[in-house]
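**Q** One structure, as structure tokens, below. Some questions next.
The values are calculated or read from the model by the stated rules, or taken from the named source; none is laboratory data. Worth saying up front: this structure is predicted, and the values here are computed from it rather than measured. Here the Cβ positions follow ideal geometry from the backbone for every residue, glycine too, while neighbour counts run over all protein chains shown.
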Amino acid sequence: MQRVPMTPAGHQQLQAELKYLKETKRHEIVRDIEEAIAHGDLSENSEYDDAKERQSLCEGRIMDLEGKLAACEIIDVTSLAKDQRVVFGVTVVLQEDEADEPVVYRIVGEDEASPREGSVSVTSPIARALIGKEVDDEVEVRAPGGTKRYVITEVLYR
């Protein structure tokens, strides 16, 4: 089984979503199904079809979350040796050639990534280019928007 890297915060987030789906959402959908059945003829009952579709999606997501949580490898960067090397979970401060302001990214698991909030997936082009590099290294990233050049100015283990 392939291990899924995850930060402690990402692990908690997935556990909370799983708990919500199992303890709350499932029961809501069952109530909706029971209510739709009470209306009679299921062959033309769009409420029933909708509830069954939501049930299918919910159960699929539960199975997905359970699989990811079973295969997760929680990596807490605060407990790692701080050698200024870019590894999973660190926050990296980059200076782009043409930009005045630095760019800050945290390298996280696929389910935790949110570029708008400054976190990128470990499988993203920028994270793959940064992993293993150190402060003052120059990095070239090929992304859908074109090639960009960065210099690593800081690696933060927080």
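**Q** Here are the criteria: (1) surrounded by 12 or more Cβ atoms within 10 Å (Cβ to Cβ); (2) at pLDDT below 95. Tell me which single one residue 61 does not satisfy.
**A** If we test residue 61 against (1) surrounded by 12 or more Cβ atoms within 10 Å (Cβ to Cβ); (2) at pLDDT below 95, just (2) comes out false.
**Q** Scan the range 98-109 and give yes if some residue there is charged (D, E, K, R) and surrounded by 14 or more Cβ atoms within 10 Å (Cβ to Cβ), otherwise no.
**A** Quick first cut of the range 98-109, residues charged (D, E, K, R) only: 98, 100-101, 106.
From what's left, surrounded by 14 or more Cβ atoms within 10 Å (Cβ to Cβ): 106.
Scanning the range 98-109 turns up at least one residue that is charged (D, E, K, R) and surrounded by 14 or more Cβ atoms within 10 Å (Cβ to Cβ).
**Q** Can you pull out every residue in the range 19-52 that is exposed (fewer than 14 other Cβ atoms within 10 Å of the Cβ) and of a type in the set (Phe, Trp, Tyr)?
**A** Of everything in the range 19-52, just one residue is exposed (fewer than 14 other Cβ atoms within 10 Å of the Cβ) and of a type in the set (Phe, Trp, Tyr), namely 20.
**Q** Here's something else I'd like to know. Would you please list the contacts, defined by Cβ atoms under 9 Å and residues six or more apart or on different chains, that run from a residue in the range 92-110 that is outside the structural domain of residue 82 (by TED's automatic domain parsing) to a residue that is surrounded by fewer than 16 Cβ atoms within 10 Å (Cβ to Cβ) and part of a strand (DSSP E or B)?
**A** Hits for this filter: zero, empty list.
**Q** Scan the range 8-58 residue by residue and report those that are modelled with pLDDT of 95 or more and either in the same structural domain as residue 120 (by TED's automatic domain parsing) or of a type in the set (Phe, Trp, Tyr) (or both).
**A** 20 - this is the single residue of the range 8-58 that is modelled with pLDDT of 95 or more and either in the same structural domain as residue 120 (by TED's automatic domain parsing) or of a type in the set (Phe, Trp, Tyr) (or both).
**Q** Okay, moving on. Can you find a residue in the range 66-82 that is within 24 Å of residue 132 (Cα to Cα) and without any contact (Cβ under 8 Å) to a residue 60 or more places away in the chain?
**A** Looking for residues that are within 24 Å of residue 132 (Cα to Cα) and without any contact (Cβ under 8 Å) to a residue 60 or more places away in the chain, one finds at least one in the range 66-82, hence yes.
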